[in-house]
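The values are calculated or read from the model by the stated rules, or taken from the named source; none is laboratory data. Model, not experiment: these values are computed from the prediction. Please note: Cβ atoms are built from the backbone with ideal geometry, for glycine as well, and neighbour counts cover all protein chains shown. When the accessible area is computed, the model is the full protein with side chains, heavy atoms only, and any ligands, DNA or RNA have been set aside. Shrake-Rupley method; radii C 1.70, N 1.55, O 1.52, S 1.80 Å.
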Amino acid sequence: MESVTLSGRYQLVLPRGVCDRLSVRPGSKLTVVAKGGVIYLVPERPMKAFRGIVRGATGEGLRDRKNRF
């Protein structure tokens with residue numbers, strides 16, 4: 001686990017190893033999510049990156065609208 005320090009201007013520098021593992025480059029957009037006292041940085045991906053991830057899936061077994069929260 002690597003640590004970072006928040007600067008006086010509220011800026012973070014992500015370690016190079018983390019950026020390499022997540023394919024984050026300068027100019028990449030990250031979504032910031034704060035939940036339960038934890039800050040998550042989630043890289044935004046274009047919709048094209050998700051193409052084909054559910055290939056072969058059918059709609060059978062999915063919840064109906066009435067069963068949603």
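Please give the number of the condition G59 fails out of (1) at pLDDT below 90; (2) in contact with a strand residue (DSSP E or B) (Cβ under 8 Å, 6 or more places away or on another chain); (3) of a type in the set (G, A, S).
Only one criterion is unmet by G59, namely (2).
Mind listing whichever residues of the stretch 1-14 are open to solvent by less than 100 Å² (accessible area, probe 1.4 Å) and closer than 18 Å to E44 by Cα?
Those that are open to solvent by less than 100 Å² (accessible area, probe 1.4 Å) and closer than 18 Å to E44 by Cα: L12, L14.
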